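Here the structure comes first, spelled out in structure tokens, and everything after it is commentary.
Derivation of every value follows stated rules applied to the coordinates shown; laboratory data play no part. Bear in mind the structure is a predicted one, so any value in this text is a computation, not a measurement. Every residue, glycine among them, receives a Cβ derived from its backbone with ideal geometry; neighbour counts consider all protein chains shown.
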Amino acid sequence: MVPVLQLIARDVPALVFPAGTDLLQVLWCPLIHSEHDQHSPVPVLRWRSAADLADRPLLDEVPRPYEFDDEYVPRPCGIHPTETVEYPNWDMPAELSERVGKWSEEMEESCGISYYDAFTTRQSKIGGYPGWTQPPNWPHCACGSRMEHLLTISASESCGRWLPVEERTRPGCGWEISDNPELQHDSHDMDMGDCGGIYVFVCRTCPTWPTVHRYDS
């Protein structure tokens, strides 16, 4: 297993943690698993208490897994959570989706930014909407409830409105990355397909908070 994401409650106040926990750790085996019909790594979530770990020794570096696929081993990096409001890209009624599509085309022609650049977030995130690149595939829990989107580990950080200004080739462009070689790598440096990623869903109706994932590429 390799560590993929660690979040502390104070850094993400909008994220609801189970009682008695304030630390979320996401890990996965960096190999493709086909038994879940997703052909991807299988995320494992650990909700923990930071106080319980305070006296434990820290590793100087993350151990390298014995067997792995390069595109699923993240490069060590930090995150800077930013709270925002986003809107869905696929999860809309057909009539509204058609109207948004036409408006997006007009918006892109007039100012170079589409609806999907300005109002959706394709990068890694907590909450919000999955950034579906394929038709939506919302999971349902064994209890019958539709599960909610908990987090996304995105295949690419270098697109959309959250691409840092200094990494863009021109103002307003969220797709064209600067040719500066120091800015060519995504933060985590994982490919995971094209522009999708791994979406983790949770059911908070059940006391154990079961999770499942969807792989979108």
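Data table
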item	result
Neighbour-count ranking [beta-carbon atoms within 10 angstrom, fewest first] of 213, 39	39, 213
Test item: Cα-centred dipole of the stretch 79-153, Lys/Arg +1 and Asp/Glu -1 on Cβ, debye	360 debye
Which of 62, 212 has the fewest Cβ neighbours within 10 Å, and the rest in rising order	62, 212
Within the stretch 1-81: Cβ-based charge dipole about Cα centre, in debye rounded to nearest 20 (Lys, Arg +1; Asp, Glu -1)	320 debye
Per DSSP, loop GluC sites (Glu not before Pro) in the stretch 1-97 with at most 12 further Cβ within 10 Å	35, 61, 67, 83
Sorted by Cβ neighbour density within 10 Å, fewest at the top, the residues 45, 58, 53, 24	58, 53, 45, 24
Chymotrypsin sites (Phe, Trp or Tyr not before Pro) within the stretch 57-123: DSSP coil, no more than 13 neighbouring Cβ in 10 Å	66
Charge dipole of the stretch 42-129 about the Cα centre (unit charges at C-beta), most positive-ward option of 116, 88, 72	72
Rotationally averaged projected area of the stretch 1-129 (alpha carbon convex hull; nm²)	11.6 nm²
